């Protein structure tokens, strides 16, 4: 059995075991979901559901990556060196999300981490990641252009802010997408699996192993997150998954491809921007509610239908994306 499959299974099992331990603890601590009054009425029944469950994925990723490090310490230390920035991204952004969740759910500060502080934290982690891959991973500003089989090499003064923008944009886009039981995890695991396949095509072992670990952790978490959810991932999970997706794409030199394979998070973000802008200008709304998944809920779609349709769309565009490079 290939090592990446073993790591996927290990990560999956660890996530399931951690979920069985952590969910009761979250219930005991009364770390429950706080539903917005202006949200869909059907979501009010979710009030009190344990959240901050992204900790389950984060711990599974850390433990599984350490196991991979031990395995490669006697085989290929370059794999370890190249996986370090990916782990930094996952842990760093996961911690920022955890602090936000902790303030909201444990300290009962409904505003959570100040947006300026959150953005500053994400910016710091993004800069650390980009500087590391430039200095130690041989990243030279090259970007692959989908469907053209060509690439362009950006000067560093453009490449660095561009990649930081990609990271910040992706983390917030996935965060917006996580609003229906199982949606954020389902969309993310499809995108990450696609990037893992690209890692196989490009012979980037560190991406293949890390991507397999992430997929296993998400799948283990989804057992408890699909409708009706027993736990939500919170910002700990959604911000972390967005950071991981952007980091893998940047590492593979395909951040432009995210416009296609992450079309659902892109549309979720655009729906919020359009809704706010149009409302400020006209006093009217384009969608029944934003982000986009709430519009379809209020149009009569069940949560399972939203997740199914959005996942099918993501799968189709991801298959196209594989052929695009």
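The values are calculated or read from the model by the stated rules, or taken from the named source; none is laboratory data. These figures come from a predicted structure and were not determined experimentally. Counting neighbours? That spans all protein chains shown, and the Cβs are built from the backbone with ideal geometry, glycine included.
Observations on the structure shown:
- Candidates 238, 308, 246, filtered to the one that is without any contact (Cβ under 8 Å) to a residue 24 or more places away in the chain and either at negative phi or within 18 Å of the chain's Cα centre (by Cα) (or both): 308
- Odd one out for residue 89, checked against (1) in contact (Cβ under 8 Å) with a residue 40 or more places away in the chain; (2) farther than 18 Å from residue 247 by Cα; (3) surrounded by 13 or more Cβ atoms within 10 Å (Cβ to Cβ): (2)
Let's see how each residue does on (1) closer than 30 Å to residue 50 by Cα; (2) in contact with a strand residue (DSSP E or B) (Cβ under 9 Å, 6 or more places away or on another chain); (3) crowded, with 16+ Cβ neighbours inside 10 Å; (4) modelled with pLDDT of 95 or more:
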position	(1), (2), (3), (4)
111	yes, no, no, no
133	no, no, yes, no
138	no, no, no, no
158	no, no, no, yes
167	yes, no, yes, yes
187	yes, no, yes, yes
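- All positions within segment 169-185 that are in a loop (DSSP other than H, G, I, E, B) and either over 10 Å from the mean Cα position of the chain (by Cα) or surrounded by fewer than 24 Cβ atoms within 10 Å (Cβ to Cβ) (or both): 179, 180, 181, 182
- Long-range neighbours under 6 Å by Cβ, at least six apart or interchain, first residue more than 20 Å from residue 81 (Cβ to Cβ) within segment 193-212, second modelled with pLDDT of 95 or more and outside any helix (DSSP H, G or I): 198/252
Rundown of residues vs (1) closer than 19 Å to residue 207 by Cβ; (2) modelled with pLDDT of 90 or more, yes/no style:
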position: 18; (1), (2): no, yes
position: 31; (1), (2): no, no
position: 35; (1), (2): no, no
position: 40; (1), (2): no, no
position: 45; (1), (2): no, no
position: 68; (1), (2): yes, yes
position: 87; (1), (2): yes, yes
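- Output for segment 261-278, where each listed residue is more than 22 Å from the chain's Cα centre (by Cα) and either under 22 Å from residue 228 (Cα atoms) or surrounded by 14 or more Cβ atoms within 10 Å (Cβ to Cβ) (or both): 274, 275, 278
- For segment 281-290, the condition of being buried (at least 20 other Cβ atoms within 10 Å of the Cβ), closer than 30 Å to residue 125 by Cα and modelled with pLDDT under 95 holds for at least one residue.
- Conditions (1) in contact with a strand residue (DSSP E or B) (Cβ under 9 Å, 6 or more places away or on another chain); (2) touching a residue at least 40 places away in the same chain (Cβ under 8 Å); number of the one not met by residue 150: (2)
- Here residue 223 fulfils each of the conditions (1) more than 21 Å from residue 93 (Cβ to Cβ); (2) part of a helix (DSSP H, G or I); (3) in contact with a helix residue (DSSP H, G or I) (Cβ under 6 Å, 6 or more places away or on another chain); (4) in contact (Cβ under 8 Å) with a residue 60 or more places away in the chain apart from (3).
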